[in-house]
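Participant: Submitted below is the structure of interest, expressed as structure tokens.
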Amino acid sequence: GLTAIGGDLTIGWNSHLASVDGLAGLETIGVDLEFYRNDSLPDLSGLGSLQSVAKDMRIRENATIAHLDDLASLTSVGSDLTIAGNAVLSSLEGILGLSSLGGSLRVHNNSTLCQSHAEDVAEQVPAKLDPLIYENSGPCP
């Protein structure tokens, strides 16, 4: 199966996409990875083997992704990791396996994500640049 993509992978504007299981086995992205405005995608379960993204990774404005647990194997992002505007995202624990972030962690405008949870996760992710964590307005336990 597919284990590497040498360039960018952008999956966006798919109102009926319900799964990315076809990406199971994918380990590396050679440039950027972006998930943008996938209104029916509940999780990133097909990315359970993903270990590295060479440059930027963006998970933005996805209406139904509630957690990032499927990114537990991700250890390296070469530049920025942006998680923004996801309507039901409530946990970032799936990115705690990151051992290298070449840019900054940017987490903002996630309406169901607790701000202090986002700040706690940011403290645990070893990023080269300071994190940008703001306007996450979900309830905190």
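The values are calculated or read from the model by the stated rules, or taken from the named source; none is laboratory data. As the structure is a prediction and not an experimental result, all values here were calculated from the model. Every residue, glycine as well, gets a Cβ built from its backbone with ideal geometry; the counts of neighbours run over all protein chains shown. Note: areas computed on protein heavy atoms with side chains; ligands, DNA, RNA excluded. Shrake-Rupley method; radii C 1.70, N 1.55, O 1.52, S 1.80 Å.
Participant: Which order do Asp80, Asp120 take by accessible area at a 1.4 Å probe, largest first?
Facilitator: Asp120, Asp80
Participant: Ok, one more. Match the structure shown to one of the listed values (1) 15.3; (2) 15.7; (3) 14.7 of Kirkwood radius over Cα pairs in Å, computed from it, and give that label.
Facilitator: So the structure-derived entry is (3).
Participant: What number, rounded to the nearest 500 deg cm²/dmol, is the helix-based mean residue ellipticity at 222 nm of the chain, given -39500 (n - 2.57) per DSSP H run of at least four residues and division by all its residues?
Facilitator: Calculated from helices alone, the mean residue ellipticity at 222 nm is -2000 deg cm²/dmol.
Participant: How large is ³J(HN,Hα), in whole Hz, for each residue of region 22-32 in order, when computed from phi with the Karplus curve 6.51 cos²θ - 1.76 cosθ + 1.60 and θ = phi - 60°, using x for Gly and Pro?
Facilitator: Here the 3J(HN,Hα) series is x, 8, 4, x, 5, 10, 9, 10, x, 9, 9 Hz.
Participant: Which order do the peptides 12-19, 25-32 come out in when sorted by mean C-beta neighbours inside 10 angstrom, highest first?
Facilitator: 25-32, 12-19
Participant: In what sequence, largest accessible area first, do Thr112, Thr82, Thr3 appear using a 1.4 Å probe?
Facilitator: Thr3, Thr112, Thr82
Participant: Now for a separate question. Out of the total accessible area of region 1-98 (probe 1.4 Å, heavy atoms of protein only), what percent is carbon and sulfur?
Facilitator: 49 percent
Participant: I'd like the Karplus ³J(HN,Hα) series for region 127-138: coefficients 6.51, -1.76, 1.60, θ = phi - 60°, whole numbers in Hz, and an x wherever there's a Gly or Pro.
Facilitator: Calculated HN-Hα couplings, in order: 9, 5, 10, 4, x, 10, 10, 7, 6, 9, 10, x Hz.
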